[in-house]
1. On a 0 to 90° scale, report how tilted helix B:696-721 is relative to the longest principal axis of chain B, with both axes built from alpha carbons and the result rounded to the nearest 10.
2. To the nearest Å, what is the center-to-center distance of the range A:70-131 and the range B:287-327, using C-alpha atoms only?
3. Express in whole angstrom the spacing between the alpha-carbon centres of the range B:619-659 and the range B:570-615.
4. Taking R0 as 51 Å, what's the FRET efficiency between residue B:9 and residue A:96 from their Cβ-Cβ distance, rounded to 0.05?
5. Between residue B:598 and residue B:317, what length in nm is gained on full extension when 0.36 nm per residue of separation is reduced by their alpha carbon distance?
6. Taking only Cα atoms, what is the 0 to 90° angle, nearest 10, from helix B:111-125's long axis to the longest principal axis of chain B?
7. So how many Å³ per residue does the convex hull of the Cα atoms of the range A:169-292 work out to?
8. In what sequence do B:1, A:152 fall when counting other Cβ within 10 Å, fewest first?
């Protein structure tokens, strides 16, 4: 584990926080003008109705007097607990560009935690290394906790081998209260195990979002020259002309992805593939949509 | 396969370059740490075999491209490789000269055997799978297309053709047949070769042979025409070329001369032993030394004791050409002719007439070949003639019309007639007889006495059969220097007497004046007639040194008029064996020269003249003495047994084996006709048949094909693999 005084750690932490904040700010300023106003009984303000607002929040009385469509907004009060399970196995360090899948997963986790922090939600972090659950940050709220969250991410390195779903299943055992679980992984394991892990969480009342981080080299297999492929997990070595196996590889990859998607969705899990060169907001939107749905479902 | 630039072949190790590049590529790997190894391993397991095959195919294409490029740069040529590379269908028409001369044994193998070997080899070069077609035409006893179609089938048939026929082959007919065969082989065959396998015998291959037109026809049909000389370089041969009998019909007890001609057709002096056999029994033998290209005549007197048809055969020791070392002839030995002298003896013994002269000359005893009987002319009738072979009208006066008709019928059916003129013969009285005998344009002159105008006989045609004795110039004075006391010159109207043949004329004393014909003969139906204008009066006979004086003339004249056998007794090989008999034959048997009985051959046909034709063989295949035995059924129910030998002889031209010179052939053959010689090894034949083909272009095309294939295949693989 890296020390907090480590310049590389500090730089990484800063970059992590910066990326997370930037992503969250970008999300606020763009797609939803007021997406994170709550629906508690503590009044906050009135404002003009904009398309997309929940019609149940219209202030009918004020509308009758002013002849305008006014929305009533309340201070957010929530008991949402966000668990982020980040796969930190060795395969997550694969990259064909500037950052690897673990970097991207960390940024995504930090950004999600930031959003939760801003919403006064509690958020926790569990890091799985292959089939082991190595580190856990309990779910709490507040700015300081987010800093700790980011620090824990920054000082972690991807290592260990195994099916990430086994790590998820271990993590599920430590989640005492129902909440929203965001599982960030490359999912390079058995689709059945992944579905089993999600089912375990679902049985405990959790909502699950699965975000699959993938490098474009894994998706497109752009290698051309003869290559000695060395496995990041384990000792597998393969010498091959990538051209001769590309089609078969892509077929296997797509087949695995389809099985994974089918298994997770049948388990009631939102699943999204996130190439690591995509903006983080895509993942956040998915998270927010799921969070809102859960909150609505919880109030009902 | 040969190479015009063999040094380029040193570059052959370059074919290893693609293999080395391939192996080097397998050694250079970029290292990549990868996450989704499981998928990679599965992909490799799935594709390993297919990828290996694809790589191997690419490697083969590249290696072959390099290999063929090097071979192409070495400029190869070959006769065989085009077969492997594929080609259009070929047609091969082989003409086998199956004449006797092809049986000549040269270098341990006959020309015919050599021709068969070459033909067989040519056929083996063809390939039925390539739609090749072949035909063999044999020019032997007849022109025969022995086989055509599948080359293998044709070759099988070819193996059954053992030896040539003892005849002259009709090569011109074979060439015409080849032209028809070329049409039959049809458009499936792109190139048709016509090859004549012959010994190029000069007797056959000359400008008179009529070869120009058929060869030109074949060339015009687009054929590659070749003449291949299969004969040996050394062509020595000795043959019996002729047996000439002084008479083919002999009376028992008499003798004839057999003039046998032997000939050395080679250039070196050769010793031979000749044997003459009479009915298989040797009767004479002689050794000869024959100079190069020289004939020798061997004269043997033959005097058979037994009557009947007798076979004479001359044999030499066998040499390189067997078929002409023996030759046969048939001598018909009779018991004598029955001569009927119609006339009357002179009333005065000191003044004998024509009848007396004839009687005196012909009545020579029991063993004489001619046995005369006499009959007064008025008593001459059909029955009397039926008992006779020859009729002599001795100085006839008037001849009744009935007698004239009987005489004409007698001659028509084969009897012989001698009209011996004398002083009593009436000019008018014999006119009707001459008209009956179809001697229009012939008139008898008035009697001339020697005192008035002495005349002697002059020979007009020495080949006249009646003058056989006087064909020897030593004896001619005995005939031509005898003055004639009384003679009746014959006058011929040249416009009417076209069928009459003049053998003798009367010449006046100064030998410059023509005093009319003395001997005229012609044919009527099956019989022969002669008019002798100066009959052998006893006063003729003034030659003490010769018994009978002018008798040889009468003798030979009567023999020339004598009835001929009902069929010829000598046949060339290949001729139809067809005989005519006065009475229908039955139980006919025919044996070939080896004594082999040929059954079921004969066919009978009744002819308009009342005779019966017996067809034995359409084409008599072998030379030698053939023996016919049959029984003739007479009208009264009796049967006559007939044993008849038949001489079958080969054409003498086949014995001369000299080959025609190529320059003489060029005079009448189209220029494109190739003339080859099998003695210069068959390579020359093959070379002209399938010239070495430059394969450079073919190989370059293959290189291009390999490169294009490799590029397309690689492009296809790239496209599939880079999905």
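1. 40
2. One Cα centre to the other: 132 Å.
3. So the two Cα centres are separated by 9 Å.
4. Using R0 = 51 Å, I get an efficiency of 0.50.
5. The span from residue B:598 to residue B:317 would gain 98.4 nm if fully extended.
6. 30
7. With only Cα atoms used, the range A:169-292 gives 110 Å³ per residue.
8. Least to most surrounded, the residues fall as B:1, A:152.
Quick note: the coordinates plus some simple rules give every number you see, no bench work behind them. Only a predicted model underlies this, so the values are computations on that prediction, with no experimental measurement involved. Note that we place each Cβ from the backbone using ideal geometry, even for glycine, and neighbour counts take in every protein chain shown.
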